Structure formats: C-alpha cells, structure tokens
C-alpha cells in the first residue's frame, strides 16, 4: 500500500498517480482506479477526477501476474478459415485472451499455435477483433493480419456486423420482441459488475421470443453495440436475468456451466473479397438438453 498527499499536483487522477509513482503507468493507474484499488480520501473516484490540494490518495497496488504468451496445442472448433480471417466456435468455459487471472490456456494461446495473428490489439490480444465472456459459447471472428483486423474493426464500429445470440432467461416474456436501449458502465456498487448508469456508454440490444415455458423464455438477441456483459445486464435490467448467470442471475436457477448464452450467428464482409459471409454454430449439448427438459417438464400455461 502506498499513500500520497496532494500538494502542487493537479489534473486527472490517473495522470497524477502516474506522476507520483513512476512505476505505475497512466494506463495501469486507470485500471487500478477502475478496480477500486486507488481511493481518494477513502472514496473510489473515476479516472477523470480532478485532484485537489490535501487529497489523500491510497494505492493498493497488487503486482500484475507475469504473463508469458505461449502457443498451446489446444483443439479448436474452426468453422471457417482463409489467409485473412478465421471463425472459431469457442466452447463454454474458455477465456478469450490472457490476463492476470487467466495467464494461459486461453483461446489466444490456442490460436497462436494454429496460425499467425494480427498485432493491432496489443501484446496479449493478437487477432482478437471482439470477445465473448468465458462462460458464453459461440462464434468469434479472428484476424490473421493487420489489414484484415483494421477492416473488421471498422465494420464493428459502423455496426455493419451480424451478431445474433440465443439465451435462456428467467420468467415469461409476454412481448414477442423488444428493444433495450440503456447505457452501460461499471457498477458503482460492485466494481466487478457492469450496470445501467446514466453516464454510461450507449448500448442497444434487440430481442425476440423464440419459445416460452412456464417459468422461462428462450430468446434471440441481436447486438447493435458490444459492451461488456451487455446482454446479461440488459436482460436483468428488464427483469429477466439469464439462467445460470453467476454474476447477474438469482441464486435459484438451473444448474449448468454458467449463463445459458450462445453466440449462434456471426456475419461480416470479408476484408479482402468484400463477400458477405454468415456463419452459424449449433447449441452446446447442455443448452440443448436443458431446452428439451423444459419442453417436457415446464410446459407453458394455457
């Protein structure tokens, strides 16, 4: 733990911390602030907080784990591949890229063993254009070179991609379809969670009911934006949290391997040929079995 008292330093909190301690970069300072590891006068502030004279800053700095990004011979379910792009069906339980909590055995480790990857997205995220959560299964597009990565990223930014998910949620949704338009950001109550907050980043989720059961609803979701935990938070926000979600769902739920959320369809324009490409991936076995069980034992009310 390190303690600093502000005297002449003024400016954004992340900038000031990096100036007070040369061993902490500004980007790391921002991450520490976001994780609640830096407080000002005993309170968690945002990175843009403007420091004031006599502020007491305490840094609880946990040294980052050493990550050695090594290729690993881990089997991949490759749906499509050419010289520029690769589409992979990620299994539930696999982390997409290395981090302090998951230094190896990730999708990136497996991809590095299989193929060269783009370098645009930083040292620990080569090839990764977009990501899905550890316990979400389904399709991801991967860039094998920087030109492809740039083109695919621009499509994401322009909202030209197709990203369709299916999910099982608690409760019966009576509407056949709907739109959740609610800004998302880090929860002020729990730094590990995202939440709907007034000054969050814009987030839009379209949903459509596929099948209703007595206590659950099977839905399809289409993303306009790709915020962290977007579908999980949006569905909880409208009173229908995902089944099996350990972070946002109720304690009483259907046991599985985490949230019942699957990235089923993915579409994009090929970065070189400009051909529209659409891919789909079947439901994981446990997801299909759970739906079949509900069809037999959780009939919708007449």
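Inspect segment 209-224 for any residue being under 14 Å from the mean Cα position of the chain (by Cα), within 19 Å of residue 264 (Cα to Cα) and in a strand (DSSP E or B) and give the result as yes or no. Checking segment 209-224: at least one residue is under 14 Å from the mean Cα position of the chain (by Cα), within 19 Å of residue 264 (Cα to Cα) and in a strand (DSSP E or B). Out of 164, 192, one residue alone is under 28 Å from residue 91 (Cβ atoms), crowded, with 17+ Cβ neighbours inside 10 Å, out of contact with any helix residue (DSSP H, G or I) (no Cβ under 8 Å at 6 or more places or on another chain) and in the same structural domain as residue 256 (by TED's automatic domain parsing). It is 164. Do we have any residue at all in segment 284-292 that's modelled with pLDDT of 95 or more, part of a strand (DSSP E or B) and in contact with a strand residue (DSSP E or B) (Cβ under 9 Å, 6 or more places away or on another chain)? No, segment 284-292 has no match at all.
Would you confirm, using the coordinates I've provided, whether residue 232 is more than 24 Å from residue 143 (Cβ to Cβ) and without any contact (Cβ under 8 Å) to a residue 12 or more places away in the chain? Answer is no for this residue. Which one is farthest from residue 208 (Cα to Cα) among residues in segment 254-279 that are free of Cβ contacts under 8 Å to residues at least 60 places away in the same chain and assigned to a loop (DSSP other than H, G, I, E, B)? Per the criteria, the residue is 273.
Checked against the criterion of being within 28 Å of residue 296 (Cβ to Cβ) and part of a loop (DSSP other than H, G, I, E, B), the candidates 251, 227 yield just one match: 251.
Name the residues in segment 195-208 that are without any contact (Cβ under 8 Å) to a residue 40 or more places away in the chain and either surrounded by fewer than 20 Cβ atoms within 10 Å (Cβ to Cβ) or more than 15 Å from the chain's Cα centre (by Cα) (or both), would you? Residues satisfying the conditions are 195, 197, 198, 199, 200, 201, 202, 204, 206, 207, 208. In segment 13-128, counting only strands (runs of 3 or more DSSP E) that sit wholly within it, the ones holding 2 or more residues that are surrounded by fewer than 17 Cβ atoms within 10 Å (Cβ to Cβ) span 56-59, 78-81.
Okay, residues lined up against (1) at pLDDT below 95; (2) closer than 19 Å to residue 131 by Cα; (3) surrounded by 17 or more Cβ atoms within 10 Å (Cβ to Cβ); (4) not assigned by TED's automatic domain parsing to the domain that holds residue 207:
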{"site": "227", "(1), (2), (3), (4)": "yes, yes, yes, no"}
{"site": "231", "(1), (2), (3), (4)": "no, yes, yes, no"}
{"site": "234", "(1), (2), (3), (4)": "no, yes, yes, no"}
{"site": "239", "(1), (2), (3), (4)": "no, no, no, no"}
{"site": "242", "(1), (2), (3), (4)": "no, yes, yes, no"}
{"site": "245", "(1), (2), (3), (4)": "no, yes, yes, no"}
{"site": "251", "(1), (2), (3), (4)": "yes, no, no, no"}
{"site": "256", "(1), (2), (3), (4)": "yes, no, yes, no"}
{"site": "261", "(1), (2), (3), (4)": "no, yes, yes, no"}
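The values are calculated or read from the model by the stated rules, or taken from the named source; none is laboratory data. Note that the coordinates shown come from a computational prediction; the quantities given were computed from them, not determined experimentally. Backbone-built Cβ (ideal geometry, glycine too); neighbour counts: all protein chains shown.
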